[in-house]
Structure formats: structure tokens, C-alpha cells
Amino acid sequence: MTKIAPSILSADFSAMGDEIRRLEFNGADWIHCDVMDGVYVTNITFGMPMVKAIRPHTALPLDVHLMITEPEKYVERFCDSGADYVTFHPEASRDPHSTIEKIHAKGVKAGIVLNPDIPVSVAEEYIKEVELVLLMSVFPGYGGQSFIPEVMDKITELKGMIERYGVDVLVEIDGGVNLDNAGECISRGVDVLVAGNTVFSAEDMKACISALKGE
Ligand code: DX5
Ligand code: ZN
């Protein structure tokens, strides 16, 4: 069953604990935490303290997406803050393989993130080490952007690579996911859909999350 990971980038930051509980009550499977440093992307959101703050408010997996430079310097502290998954952009790291090892050493699941303009072939170097590959369907930095349709073919290509290597790697898609494109993402084999604006702008959050799952 496809999982929905709402991005708290679209949440009310002044009431984040309530927002986390609202997501869980309405059927979210994971909580997607968008960390931005103002260097890797031209936006700044939050860091380890936010992850630490929301941890006690939910038992749902915290899916921490690091849009930061030199993630190797911070991954352990995000793990200690309560992350269940830590994903990072390999081109932002001086040593992606050791960064993955640092995440694993903390008993946390690791993933790499591919921007829309990064070929799926880049994942091949990491596909036997990670538990998840996150495909960006927008350029990182902001919520509420439009889904880049060319990314659909990258889902199929990545699923083919996972099949060929016979590895148990989740495919997550992130950016501009809505009720018009979720169905095709799922039919192409996506395991986790990130959705920020779609979920938080919905009249009925529970119905929206169910509809994204194709229920
Ligand atoms: C963008 C973030 C995404 C984004 C998703 O840099 O990584 O997680 O917040 O939000 P929507 O679903 O609104 O595009
Ligand atoms: Zn994200």
C-alpha cells in the first residue's frame, strides 16, 4: 500500500504539535520534514530542534529530507533528534558513502535524493547501500510548486534498476504531488508520496490523504 508523507513545510509552524497530531489523526503514514539551510537552496526552514520537538508528538516515522550542504556534518544529530529516515542530496556531500554509513551507524534508514535534472543513473552507485531513493518532482526549496511531468519516466527507470539489482529500496516522490498525478506515480511503482500543499490546503484532510492513496 502506497504511503503518504505530508510535508510539514506547509504546516502552521506556530502550532506544529497540533499539526502533527492532525496529520496522524487524518491518516498520514510518515511525516516529511524539509530541512533547508539557505545555501544548498535559497530558503531556510528548520533544523535538529524542530525534529526533536515533534518527535514526542507522534509515533509515525519521521522522514527527514536534508536540503543542506555538507550533510555529513549533521546527519548524526538528526538521527539523535529522532529521525527514522534521513535523505540527502549526494552532490551536496563531500563523501556520500561515508554519510550513508554515519546514518546506518545510528540505526537509521538512509536515502539519496535526485533533483529533476539529475539522471537516475547517479543512483546506481548507492542502490545497494540505501533503503530509499527520493526523486524530486520539483526543484528543491519551496512548497506549492508544479509537478515536473518528465520525472514520471524516472520513476519507471528507477524501479527497473531496483528490479535488476534485486534490492529492497523504497521509491519516494516529492514535489507538486496532487490528486491529478498521484495515480500515475502509484501505477509506475512509487512507494511513498510526499505532499505538502495538497494535504494542508484540503477542505477534508482525511479524504484527501485517502484519495492520494487511491482508496
Ligand atoms: C521542496 C520540498 C518538498 C515540498 C513538497 O523543496 O522538498 O518536500 O515541500 O511540498 P509540495 O507538495 O507543496 O510541493
Ligand atoms: Zn522534501
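The values are calculated or read from the model by the stated rules, or taken from the named source; none is laboratory data. Everything numeric in this text was worked out from a predicted model, so none of it was measured. Methodologically, a virtual Cβ is constructed for each residue, glycine included, from the backbone with ideal geometry; neighbour enumeration extends over all protein chains shown. Protein only, heavy atoms only, side chains kept; ligands, DNA and RNA dropped before computing areas. Shrake-Rupley method; radii C 1.70, N 1.55, O 1.52, S 1.80 Å.
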Surpassing 23 Å at the alpha-carbon level, of the pairs Lys52/Lys106; Lys73/Lys109; Lys52/Lys159; Lys52/Lys206, are Lys52/Lys159; Lys52/Lys206
Rank-order 167-179, 63-75, 199-211 by packing density, defined as the average count of other C-beta atoms within 10 Å over each peptide's residues, highest first. 63-75, 167-179, 199-211
Global form of segment 110-215, assessed from the alpha-carbon gyration tensor, a/c cut-off 1.5: prolate
Cα-based reach from Lys154 at 21 Å (exclusive), listing lysines while leaving out same-chain residues under 8 positions away: Lys3, Lys128, Lys213
So the pair-distance distribution of segment 3-212, from every Cα-Cα distance in 5 Å bins, comes to percents of 1, 8, 17, 21, 22, 17, 10, 3, 0, 0
Could you state the accessible area per residue of the chain in Å², with a 1.4 Å probe and every protein chain left in place? 43
Quick one: putting +1 on the C-beta of Lys and Arg, -1 on the C-beta of Asp and Glu, what dipole do you get for the chain around its Cα centre, in Debye to the nearest 20? 420
Of the accessible area of the chain, with the probe set at 1.4 angstrom, what percent is carbon plus sulfur? 50
